[in-house]
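Visitor: Following this message is one structure expressed as C-alpha cells.
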Amino acid sequence: MKEVIELDILKTSAVKTAYPSLQERVVEWVSITEAPVENFVRKNEMVLTTGIGYAQEPERFHEFVEDVIQSGASGLGVATGRYIMDIDQPCMDLAEKHRFPIVCLPWEVRFADVTQSITTKIMDVKKGYIEELQTIGQELLSIVLGGGTLSQLTQYISDELHLPTYITDANGELMGASTLIIKDQSSWITLMKEQADILAQPIPGGHDHPLLTKVQSGSTSLGAFLRLPISQAKQTAQGYVYMILDHNPTSVPDTFFIVLEHIGTAAAFWFLRENAVLEAQAKVKNHFVWELAKDLFRSEEEMQTRAKTLGYHLDLPYVAIVGYPDVTHSFFGNTSQEAWSVSLEHYVEKEVNHVAKSIHHQAMSTFQNNQLIIFLEVTEDAERETVHSFLDLMNRRFINLFPSMNMDWGIGDGGGMLSTFSQSYEQAFQALQIGKRRNDRSRRVFYSDTRVDRVLQALGDDAELYDVVLEVIKPLYQYDLKRNMDLIGTFTTYHRNQSKISQTARVLHLHRQSLLYRLRKIESLTQLSLANPDDVFLLELSIRIWRMQKKI
C-alpha cells in the first residue's frame, strides 16, 4: 500500500486511517466497487468507491466499510467531494481498530487513471519478482551442475530470504544446512529427525499457490517451520527442505513457496545425480567382490590395484559370510521377486557398511543370485565373536525393515591371505547349504562345524552306497507318507536318548506301548534289529546321509 500511495496519480490523496500499516499491506489487484460488497472483493485487493447512495445514509457507508474490511482487502480509496464529503469519526475508529487504511481521493481524480497506475505498478513489481525468482532458480541449478553441495543450496536461499534453511534425507539425517545461526539449533535438528512427521501438517487456508498441496507447516515451542518433500516423479520423498520461520506460517508470502519449489527442484536433481554416482560405484564394488569370491582376477597385482581404487584393504584378515533370505512367495505381495531383489541390493550395501563401522571393522559385500556375500574383517583370536556380533546387528536391522523375513547364514574359515577369499566363499556357501538341509535352528552355520555333514555328504555322493541308504530309508519314508507316523523321527529321538524307552516316550509325548509299537514297525520295515549295534549304526548312518541328500 505504501508504494501505491506514493504513485504520482495519488499525490493529492490523503491517508485518513492506519498510516503505519501501509508498509504491511500487500496489494495484488485493484477494483471499483459499490454496495453490496458480498463476495466481489477478494483478499489483498485495493478497493475504490465513489460512495454513491451514502450521502444521506452515513450508517450504510459504515456497514460498507465494515464489509470491505472483513473481505480481507488491502485498503479503501474513497472519492470525496460529491457523495462523500469526508470520512466520519465512527468509520475512522472502525478502520483504526482493524489497522485498515482509508485513503481520500479528490473527486477530480479519475478512477480509470488510478486503476491503470496501480495495475502498471503491480505488473512491474510482479515482473521484478518473476525475474528475481528465475535468477534464484537458475543459480540453484548452477550450484548443483557445478558439483555444489546441499549446504551451498541452503546457504544461497538463507542469504536471499534471511531465514535458516536445512535439507535432510528421508530418515531425517541432516544433509545440508545454512550457516545462519538460530536459537536452539541442535534442538531443531533433533526435532526434524524425530518429530517432524508428527508435527508437519498441511498449510492452513489463505494461499492460492499450487505448491501448497506439497508444502507442510508446523508450530513448535521452538518456533514455526515449512517443510517441502524432495521427490522425483511419483517416487517417495528422498528428503525434505526445511525453512525456519520468524512468524506464523499463515502469513508467509507466496514468493516463499516459489523459492521453496526452486530449491526442491535443485535438491531433487542433486539427489538424482548423487544416486546415479552411488549406483555406479555400487555396481563396480559389487562386481569386484563377486570376482573376489570367484577368483576371476588375472593376477594378484590387478586385484590389489582395483581394491586400492575402491578403498578396500585386502591385506587384512577376512572371513566370508553368505546370507540367503528365507521368504515365502506371499512375502513379496504385489512386488516381483526380481524387483524386490534389486531393492534389497541397494539397501544391503548401506546396512553392511553401517554395521561393520559400528563394530569398527572393514567389510566388502555384493548381492548375487539372491545371495548376500560379505567379506568381513576379523581378528584371529576373536573370529567367532566378531562374526556373531556382526550378524546379530545385521539380523536386527533386517527385522526392522522386513519383519517377516529370516536370514540363513553360512560362514567360511578366515585366513587373510589373498588366495583364501574364493576358498572362504566356497566354504561359506557350502555351510549355508548344509544348514538349510539340516534345518539348523540357529540359521547360522560355521564351515568348521560341518565336518560330519561333509563326510556324510561325500558318502551320499557315492551311487552304490546311496542305493544301500535308499534300501533302508525308502520303506520308512513311504510308510510315514501314508500313515503320518514319523518313524524316521521316532528312531532319531530314540537313538539320541540312548535307546531309553521311558525317556524317549516322554520327549515324543507318546504312551510307552505306542513307542514300542513304532520301534517294532521300524524293525519289520527295515529288516534291521534295534538290539544289534551294527544294524543301529546302519540305520543311523542311512538317515543322516538321506537327510543331507533328500532324494528318494
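The values are calculated or read from the model by the stated rules, or taken from the named source; none is laboratory data. Given the structure is predicted, the values throughout are model-derived calculations rather than measurements. All Cβ positions, even for glycine, are placed from backbone atoms using ideal geometry, and neighbour counts span all protein chains on display. Calculation scope for accessible area: heavy atoms of the full protein, side chains included, ligands and nucleic acids excluded. Shrake-Rupley method; radii C 1.70, N 1.55, O 1.52, S 1.80 Å.
Visitor: Can you tell me how many residues in the stretch 513-522 are open to solvent by 40 Å² or more (accessible area, probe 1.4 Å) and within 14 Å of ILE488 (Cβ to Cβ)?
Guide: 2
Here is a yes/no grid of residues against (1) in contact with a helix residue (DSSP H, G or I) (Cβ under 6 Å, 6 or more places away or on another chain); (2) surrounded by 13 or more Cβ atoms within 10 Å (Cβ to Cβ):
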residue	(1), (2)
ILE473	yes, yes
THR490	yes, yes
HIS509	no, no
ASP535	no, yes
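Visitor: Sticking with this structure for a sec: Restricting to the stretch 419-449, what's the tally of residues that are in a helix (DSSP H, G or I) and not β-branched (Val, Ile, Thr)?
Guide: 19
Visitor: Among the residues of the stretch 450-466, write down those that are surrounded by 14 or more Cβ atoms within 10 Å (Cβ to Cβ) and in a helix (DSSP H, G or I).
Guide: ASP453, ARG454, LEU456, GLN457, LEU459, GLY460, LEU465, TYR466
Visitor: Separate question: Inspect all residues belonging to the stretch 521-534 and state whether any of them is touching a Leu at 6+ places or on another chain (Cβ under 8 Å), at pLDDT 90 or above, part of a loop (DSSP other than H, G, I, E, B) and within 28 Å of GLY435 (Cα to Cα).
Guide: Checked the stretch 521-534: no residue is touching a Leu at 6+ places or on another chain (Cβ under 8 Å), at pLDDT 90 or above, part of a loop (DSSP other than H, G, I, E, B) and within 28 Å of GLY435 (Cα to Cα).
Visitor: Among the residues of the stretch 162-194, how many are more than 24 Å from LYS350 (Cα to Cα) and assigned to a loop (DSSP other than H, G, I, E, B)?
Guide: The number of residues fulfilling the criteria is 10.
Visitor: Tell me the residue from GLN23, GLN70 that is under 51 Å from the mean Cα position of the chain (by Cα), surrounded by fewer than 17 Cβ atoms within 10 Å (Cβ to Cβ) and within 16 Å of VAL4 (Cβ to Cβ), please.
Guide: None of the others qualify; the one that does is GLN23.
Visitor: Pick out the one residue from HIS346, HIS287 that is closer than 18 Å to ASN370 by Cβ, surrounded by 13 or more Cβ atoms within 10 Å (Cβ to Cβ), out of contact with any Gly (no Cβ under 6 Å at 6 or more places or on another chain) and modelled with pLDDT of 85 or more.
Guide: Going through HIS346, HIS287 in turn, just one is closer than 18 Å to ASN370 by Cβ, surrounded by 13 or more Cβ atoms within 10 Å (Cβ to Cβ), out of contact with any Gly (no Cβ under 6 Å at 6 or more places or on another chain) and modelled with pLDDT of 85 or more: HIS287.
Visitor: Could you grab me the full set of residues in the stretch 291-319 that are in a loop (DSSP other than H, G, I, E, B) and of a type in the set (Lys, Arg)?
Guide: Across the stretch 291-319, the qualifying residue is only ARG298.
Visitor: Let me ask something else. Just one of the numbered conditions (1) in contact (Cβ under 8 Å) with a residue 60 or more places away in the chain; (2) closer than 28 Å to ASN44 by Cβ; (3) under 51 Å from the mean Cα position of the chain (by Cα); (4) open to solvent by less than 40 Å² (accessible area, probe 1.4 Å) is not true of LEU153; which one?
Guide: Evaluating LEU153 over (1) in contact (Cβ under 8 Å) with a residue 60 or more places away in the chain; (2) closer than 28 Å to ASN44 by Cβ; (3) under 51 Å from the mean Cα position of the chain (by Cα); (4) open to solvent by less than 40 Å² (accessible area, probe 1.4 Å) leaves (2) as the failure.
Visitor: Give me the pairs: first residue in the stretch 458-473 and at pLDDT 85 or above, second residue hydroxyl-bearing (Ser, Thr, Tyr), beta-carbon distance under 7 Å, and six or more apart or on different chains, which are they?
Guide: Correct list of pairs: VAL469/SER542; VAL472/THR526; VAL472/SER542; ILE473/SER542.
Visitor: Just give me the residues in the stretch 4-17 being in a loop (DSSP other than H, G, I, E, B) and touching an Asp or Glu at 6+ places or on another chain (Cβ under 6 Å), in sequence order.
Guide: Listed by number, the list holds a single entry, THR17.
Visitor: Report, by residue number, each residue of the stretch 108-119 that is part of a helix (DSSP H, G or I), surrounded by 12 or more Cβ atoms within 10 Å (Cβ to Cβ) and either without any contact (Cβ under 8 Å) to a residue 24 or more places away in the chain or not hydrophobic (A, V, I, L, M, F, W, C) (or both).
Guide: ASP113, THR115, GLN116, SER117, THR119
Visitor: Every residue in the stretch 75-107 that is among the aliphatic types (A, V, I, L, M), over 53 Å from the mean Cα position of the chain (by Cα) and open to solvent by less than 50 Å² (accessible area, probe 1.4 Å), please.
Guide: If the condition is that a residue be among the aliphatic types (A, V, I, L, M), over 53 Å from the mean Cα position of the chain (by Cα) and open to solvent by less than 50 Å² (accessible area, probe 1.4 Å), then VAL78, ALA79, ILE84, ILE87, MET92, VAL103, LEU105 are the ones that fit.
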